[in-house]
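The values are calculated or read from the model by the stated rules, or taken from the named source; none is laboratory data. Note that the coordinates shown come from a computational prediction; the quantities given were computed from them, not determined experimentally. All Cβ positions, even for glycine, are placed from backbone atoms using ideal geometry, and neighbour counts span all protein chains on display. Side chains are part of the model used for accessible areas, which takes the heavy atoms of the whole protein and leaves out ligands, DNA and RNA. Shrake-Rupley method; radii C 1.70, N 1.55, O 1.52, S 1.80 Å.
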Amino acid sequence: MNLTVYLAGEIHTDWRDRLTSAAKKDNLPLTFVSPQTNHDRSDGIGEAILGKQPGPLYTDAAASDINNFRTKVMLEKADIVIALFGEDYKQWNTAMDASAAITLGKPTIIIRPEKFIHPLKELSNRANVTVETVEQALDVIKYIYE
């Protein structure tokens, strides 16, 4: 059984590479998708498709529309969503993706460090599983195949 896993979360660390490499090493039948991880491409997609915008607010809005469209398609196709809340970056997009996944009824795993227990308590309560490491998240998925 091949499952599609949407990897929501910050794009500044190698967590996706670590998770996908470990899954490959374990021969897990998983396909991984994610939001656009090229920050410049994500920020510029509105103007790349729609042309020059009249100002920064319009540039952001155009990019947001297209990125939200892409995310919606990926989330709806996913069988599982993993949302990583890292230590160092603002996590608005991660929170949005996790809450959208939960609203869609997608099985959701949240990864968050111990220091985020309190700020993420409501979201963690709605997710199916909350863990502290990428490895624990993958172990949860491995359990499906036992």
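How far apart, in nm, are the 7 Å Cα→Cβ label points at Glu122 and Lys72?
Calculated label separation equals 2.4 nm.
How far, in nm, would the chain grow between Val33 and Asp65 when pulled straight, counting 0.36 nm per residue and subtracting the alpha carbon separation?
9.6 nm
Working with all protein chains in place, sort Glu87, Glu10 by solvent-accessible area computed with a 1.4 Å probe, largest first.
Glu87, Glu10
Taking 0.36 nm per intervening residue step and subtracting the Cα-Cα distance, what contour gain separates Lys52 from Thr103 on full extension?
Result: 14.9 nm gained on full extension.
Kindly provide log₁₀ I(q)/I(0) values, in the same order as q = 0.23 Å⁻¹, from the Debye equation applied to equal alpha-carbon scatterers of the range 5-51.
-0.84
Regarding the range 68-137, what whole-number volume in Å³ per residue does the convex hull of its Cα atoms give?
85
Show me the trypsin sites (Lys or Arg not before Pro) within the range 49-111 that DSSP assigns to loop and that have at most 12 other Cβ atoms within 10 Å of their Cβ.
Here the sparse-neighbourhood loop sites are Lys52, Lys90.
Just to be sure I understand the curve: with the Debye formula and one point per C-alpha of the range 3-123, what is log10 I(q)/I(0) at q = 0.15 Å⁻¹?
For the range 3-123, the Cα-only Debye profile gives -0.74.
Let me know the number of lysine pairs in the chain closer than 15 Å at the Cα, not counting same-chain pairs under 8 apart.
5
Return the loop-located chymotrypsin sites (Phe, Trp or Tyr not before Pro) in the range 66-140 (DSSP other than H, G, I, E, B) with at most 15 other Cβ atoms within 10 Å of their own Cβ; answer none if there are none.
Counting only loop positions with at most 15 other Cβ atoms within 10 Å, the chymotrypsin sites (Phe, Trp or Tyr not before Pro) in the range 66-140 are Tyr89.
What 222 nm value per residue comes from the helices of the chain, counting each DSSP H run with n ≥ 4 as -39,500 (n - 2.57) and dividing by all residues, nearest 500 deg cm²/dmol?
Helices in the chain give a 222 nm mean residue ellipticity of -16000 deg cm²/dmol.
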